[in-house]
Amino acid sequence: MKRDNIDRVKTLIIEFIKIMEDSLSKEDLIMIINNFNTLNIKFKNYKITNFLFLDNTVGGYNPLNNTLMLDINNFESTIYHELFHVASSKNYLNKILISGFHLNKISLNNSKHTRSIGIGINEGYTQYLAEKYFSNKKYIMSAYRYQVNVAKLIEEIIGEYKMQSLYFHANLMGLINELSFYNDYDKVMEFLTQLDFLHRKLSYTNINLKEKNTIINIFCKVHVFLIETYLYKLLEEIKIYNLTEEQFNIKVLNFIEQIPIAVESKKVLYDEILTHELIEKTIERICITNDRKDVVKII
C-alpha cells in the first residue's frame, strides 16, 4: 500500500512540474526545482486526529525541513494544494520561513513560530492556483472559499502575471509594495492581519454573539480595503488610459459583485458583511477626495 502511494505521488509530482514548466517563466521555476530535488515525503493516517479534533486534514507541508505529509488513505484531493506550498517556499537558515505570501519568524530557543503574517492571503491564493491549474484534471477538495475569493480580487488589482511571479518567489514584501502603490502601507498591513484573523476564526465552530459581531466588523474592514484599493487603481487608470465614466462604473460594479454579502463557515452565518451603505460611503469618500465627483453615483 505504501509503495503504491509513493509511486502515485511521484507520478502526480511529475505531472505538477510538467504543467508548471509549461505555464511559468524560467525565473519562476527556480524554487520549484530546488525544493522538489530535496523533498521528503511522509504518510500519516489522519483519521484518528480528525475524529478527535473534528477536523478534515489530509495533508500538510513543513518548509522547515522540506517535508510533504500526506494522508495514507486520501491524499489526491489536496496534493496539488500542498505541492504549490512546496513550489513557493523558502527557508532562511531556519530563522525565517516564507511560503508564498506567508511569513513565519522562528524563535531560536524553541523553534516555535513567534511571528506570522499572510496565512490568509496565502492559503486563498494557493487554493486558487490548485483549482486554476488542476480542477479540470482531478477532484480538488473545496477549501478556503472566502480566502480564495479575496485572493482573486487582489490578483485583479495587481495583475495575474505579477501576482503569480511574486508567489513563486515567496515575495511577500513585493506583494505589500504592489498594494502600497494604490493604498497606504499601514492599511495594507492591517488588511493582511485582518484576513489572517478571519482565516483563523472561520475554522471555529463555537462562536458567541460578541465574537460574531467582531468578525462581521473585520469582514467589513477587509471589504472596504478591497473597494478602496481597486478604486485607487482605477483612478490611476483614468489618467493613463482615459477611462470614460461608463467604463469606470462598469469596472467598479463588476469588482464589487465578486465580494460576498454573506459567508457561512462551520454552520455559522456571517451576514451584512457588505451593505449598500458601506459601498456607497466608500465610493463617495474615495472619489470626492480625488476630485472625481462625476463618477460617484455608481450604484
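Taking every alpha-carbon pair under 8 Å whose residues sit at least 6 apart, the range 82-210 reaches a relative contact order of 26 percent. Normalised by the number of residues in the chain, the mean separation of alpha-carbon contacts (under 8 Å, six or more apart) gives a relative contact order of 12 percent.
Each of [x] 70, 23, 14; [y] 36, 23, 18; [z] 44, 19, 18 is a candidate for semi-axes √(5λ) of the Cα gyration tensor in Å; the one calculated from this structure is [y]. Pairs over the 22 Å Cα-Cα cut-off, from the set K10/K44; K26/K132; K90/K187; K44/K152; K187/K239; K152/K201: K90/K187; K44/K152; K187/K239. When each of R145, R3 is scored by the number of other beta-carbon atoms lying within 10 Å, the sequence from fewest to most is R3, R145.
Each of T38, T193 was scored by other Cβ atoms within 10 Å of its Cβ. Listed from fewest to most, they are T38, T193.
For the range 68-100, backbone nitrogen atoms closer than 12 Å to the point 7 Å from D22 Cα along Cα-to-C-beta are found at no residue. The long axis of helix 145-158 is offset from the longest Cα principal axis of the chain by roughly 60 degrees.
Our coupling estimate for the range 262-279, obtained by passing each phi through the Karplus curve with A = 6.51, B = -1.76, C = 1.60 and θ = phi - 60°, is 7, 9, 10, 8, 6, 6, 10, 9, 9, 10, 6, 9, 8, 9, 4, 5, 4, 5 Hz, Gly and Pro reported as x. By the count of neighbouring beta-carbon atoms within 10 Å, fewest first, C287, C220 end up ordered C220, C287.
Around the amide H of K44, modelled in the peptide plane, lie the amide H atoms of L70, D71, I72, all under 5 Å away and 5 or more residues distant in sequence or on another chain.
A cut-off of 5 Å between modelled amide H atoms, ignoring neighbours fewer than 5 places along the same chain, links S265 with Y270. Computed extension length for T289-D184: 36.3 nm, one decimal, from 0.36 nm per residue of separation with the Cα-Cα distance subtracted. Using θ = phi - 60° in the Karplus curve 6.51 cos²θ - 1.76 cosθ + 1.60, the 3J(HN,Hα) couplings for the range 7-16 round to 4, 5, 4, 4, 5, 5, 5, 4, 4, 4 Hz; x is entered for Gly and Pro. Looking at the chain, the DSSP beta bridges with both ends there are about 80 percent antiparallel.
Any read-out appearing in this document is the output of simple, stated calculations on the displayed coordinates, not a laboratory observation. In this text, all values refer to a predicted model and were calculated from it rather than measured experimentally. So basically every Cβ, Gly included, is an ideal-geometry build from the backbone, and we count neighbours across all protein chains shown.
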